[in-house]
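Visitor: Dropping a structure here in structure tokens format, bear with me for questions.
The values are calculated or read from the model by the stated rules, or taken from the named source; none is laboratory data. The shown structure was predicted, so the numbers you read here are calculated from the model rather than taken from an experiment. Glycine also receives a Cβ, built like all others from the backbone with ideal geometry; neighbour counts cover every protein chain displayed.
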Amino acid sequence: MRKTALGALTGTAALVATLVGTTSAVAVAAAPTCADICVLGVRTATHPTYDRVVIDLGEGTIPGWTTSEQTTPLYWGEEGSQTQVPIKGDSYLKLTLMPAETFDVNYQSTYTSPRSESFAYPSLKGQALVYSFEDSNTLGLALGPHTSYRVFKLTAPNRIVIDINH
């Protein structure tokens, strides 16, 4: 009996040590370091009255942005290069972040989202990273029928949000 009780006690102590007292090393990746702020990726969702695009950013000062609406999917980069949003839309919204980078100080990509994606949302038909050069990055949004949009920033973690009304 004593042997059984001791065996049970030893098993219980081992279980408690395993659950409470044991720690294991877990590797945690360091956050990327960019000259300004890192552009990490893009997430999207649809809601009852709007579609949302969230641009996830790294640590640091949130960059400024400019927006413009256009009827063509063509975009021109700062140095005169031309590209286009590869997704059909009724109109297009161009959002340029500056200063921000999609590559860290070691020239490794920090942008983890697809370069372009299509959606079947009411107002957002797709997104594409159409321009990325030094500290300027342009996201092109293919839009369906919509009435308006709004762009704002959020912190902790850093993000820029675009809401496109249905």
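Visitor: Which condition does Gly41 not pass, out of (1) farther than 24 Å from Thr155 by Cα; (2) touching a Ser or Thr at 6+ places or on another chain (Cβ under 6 Å), if it passes all the others?
Guide: Only one criterion is unmet by Gly41, namely (1).
Visitor: While we're on this one: Quick check on segment 65-88. Is at least one of its residues touching a Leu at 6+ places or on another chain (Cβ under 8 Å), part of a loop (DSSP other than H, G, I, E, B) and modelled with pLDDT under 95?
Guide: Yes: one or more hits.
Visitor: Just for segment 73-98: of the residues that are out of contact with any Phe, Trp or Tyr (no Cβ under 7 Å at 6 or more places or on another chain) and polar (S, T, N, Q), which one is nearest to Gln127 (Cα to Cα)?
Guide: Ser91
Visitor: Can you tell me how many residues within segment 125-149 are β-branched (Val, Ile, Thr) and modelled with pLDDT of 90 or more? Steps first, please.
Guide: If we filter segment 125-149 for residues that are β-branched (Val, Ile, Thr), which is where we start, we get 130, 138, 147.
This time we only want the ones that are modelled with pLDDT of 90 or more, so: 130, 138.
Total satisfying the criteria: 2.
Visitor: Somewhere in segment 100-112, is a residue surrounded by 20 or more Cβ atoms within 10 Å (Cβ to Cβ), aliphatic (A, V, I, L, M) and assigned to a strand (DSSP E or B)?
Guide: So far as segment 100-112 goes, no, none of its residues is surrounded by 20 or more Cβ atoms within 10 Å (Cβ to Cβ), aliphatic (A, V, I, L, M) and assigned to a strand (DSSP E or B).
Visitor: So, of the residues in segment 120-140 that are crowded, with 17+ Cβ neighbours inside 10 Å and of a type in the set (A, V, I, L, M, F, W, C), which turns out to be nearest to Gly80 (Cα to Cα)?
Guide: Val130
Visitor: Now for a different question. Only one residue in Thr96, Thr66 is within 27 Å of Asp36 (Cα to Cα), touching a residue at least 12 places away in the same chain (Cβ under 8 Å) and buried (at least 20 other Cβ atoms within 10 Å of the Cβ). Which one? So that I can check it myself, show each step before the final result.
Guide: Working: Thr66 fails: buried (at least 20 other Cβ atoms within 10 Å of the Cβ).
After ruling out the rest, the residue left standing is Thr96.
Visitor: Condition first: free of Cβ contacts under 8 Å to residues at least 40 places away in the same chain, exposed (fewer than 12 other Cβ atoms within 10 Å of the Cβ) and in a loop (DSSP other than H, G, I, E, B). Can you find one or more residues in segment 141-152 that meet it?
Guide: yes
Visitor: Name the single residue, out of those in segment 49-62 being touching a residue at least 60 places away in the same chain (Cβ under 8 Å) and more than 12 Å from Ile162 (Cα to Cα), that is farthest from the chain's Cα centre (by Cα).
Guide: So the first thing to find is which residues in segment 49-62 are touching a residue at least 60 places away in the same chain (Cβ under 8 Å), and the list is 49-60, 62.
Now narrow it down to the ones that are more than 12 Å from Ile162 (Cα to Cα): 49, 57-60, 62.
Values: Thr49: 22, Leu57: 7, Gly58: 9, Glu59: 13, Gly60: 15, Ile62: 14 Å.
Looking at residues that are touching a residue at least 60 places away in the same chain (Cβ under 8 Å) and more than 12 Å from Ile162 (Cα to Cα), I get Thr49.
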